[in-house]
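What follows is a single structure, written as structure tokens, with notes after it.
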Amino acid sequence: MTNFDERVVIDLNHERQADALMVMADMSSDFNWYTKSEEARHTNPNTINTLGDSYLRAGKVQEAIACFSQVAERYSSSGHVAKSIAVLKKISRLTPSDPEILMRIGDLLAMQGRVGEARTSYLCVGDSEYLGDRPEAAITAYEKAIAVDKSNAPLHTMLGGLYLDRGMLGKAHASFISARREYLKKGEISLARHAAASAHSIEGISQFQAYRDSCRRKEERYALRLPTVVMAENRKWCEDTVSLNISKSGIRLRLVRPLELDRVVGLVMRVPSELGLGTADDSTYAVNAIVCHSEKTVDGQCIVGAEFGNISKLAV
């Protein structure tokens, strides 16, 4: 086996010479001279990538992965995100069960706006960690998946269950409520009600009640008297009323007709732009809402709190 003088590499001034020597090293399968040299720490990513390929052909998988990881990091730090993703995918094929690599791929895909691919990468990690009985790691991955795809109702539900198992009541409740909202937007009423029931089961826990009261105080509510038409899903009845107050998440109304929890109703109303829901003040909207609070008043009427689902502008 041929040994190369390390000093030759240290004195190299041109990448072309480094590449030529690497070919020679590849033929001899002797890489020690290169990895110990100063040149190995300062050469460009293409050369390190070629070295990694040489290691791989020689059956030195861990050494190859170390080179590829270095290349991916250099590409990422220099703004070449697509190249970094390609190299990380190469590593992933060598270590398909490595969650760290898949998470890095997901992060870079998310940076590029490739939401579907990023979500898939995160979900692969989450599912693997969940099946491996590592709930904290699964939660981390699923949270990243939700961050790029907030409309994934089943994932909100799964996260809610994981949070609940860990005693994280506030997050569990929020996840079930998010699941309810997303199912409602899709018109999947039975699943929305099931998610609502999971949220209600948490609401009876005293620790959660203190947490919820604190959150309600933080949410900005507007005491606006907005004319609102409330109607049943099947349009068999409707009632004209005005709002008592409104927030980004929902509305409180006074009604003659009592409504039970988790009842889905339609609202026709203005939705103020200051709520940040992408609405215009001079337009009227059709809103799907689900009843999350209902109480009788002394005069026999009903105070109803409803959470917003899908909001769509009515045609003029």
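Please treat every number below as a calculation from the coordinates, not as lab data. Keep in mind that this is a model prediction, so the values were computed, not measured. Methodologically, a virtual Cβ is constructed for each residue, glycine included, from the backbone with ideal geometry; neighbour enumeration extends over all protein chains shown.
Structure summary
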item	result
Label-point separation, LEU277 to ASN46 (7 Å along Cα→Cβ), nm	5.5 nm
Those GluC sites (Glu not before Pro) in the range 242-307 that DSSP places in a loop and that have at most 13 other beta carbons within 10 Å	GLU260
Cut-off 16 Å (backbone N to label point 7 Å along Cα→Cβ of VAL229), residues of the range 273-288	283-288
Where GluC sites (Glu not before Pro) fall in DSSP loop in the range 55-104, at most 14 other Cβ within 10 Å	none
Span from the the range 265-316 Cα centroid across to the the range 231-253 one, whole angstrom	5 Å
All lysines inside 27 Å of LYS150 as judged from Cα atoms, apart from same-chain residues fewer than 8 positions distant	LYS89, LYS171, LYS185, LYS186, LYS218, LYS248, LYS313
Gain on full stretching of the segment that runs from GLN301 to GLU100 - 0.36 nm per residue minus C-alpha separation	66.7 nm
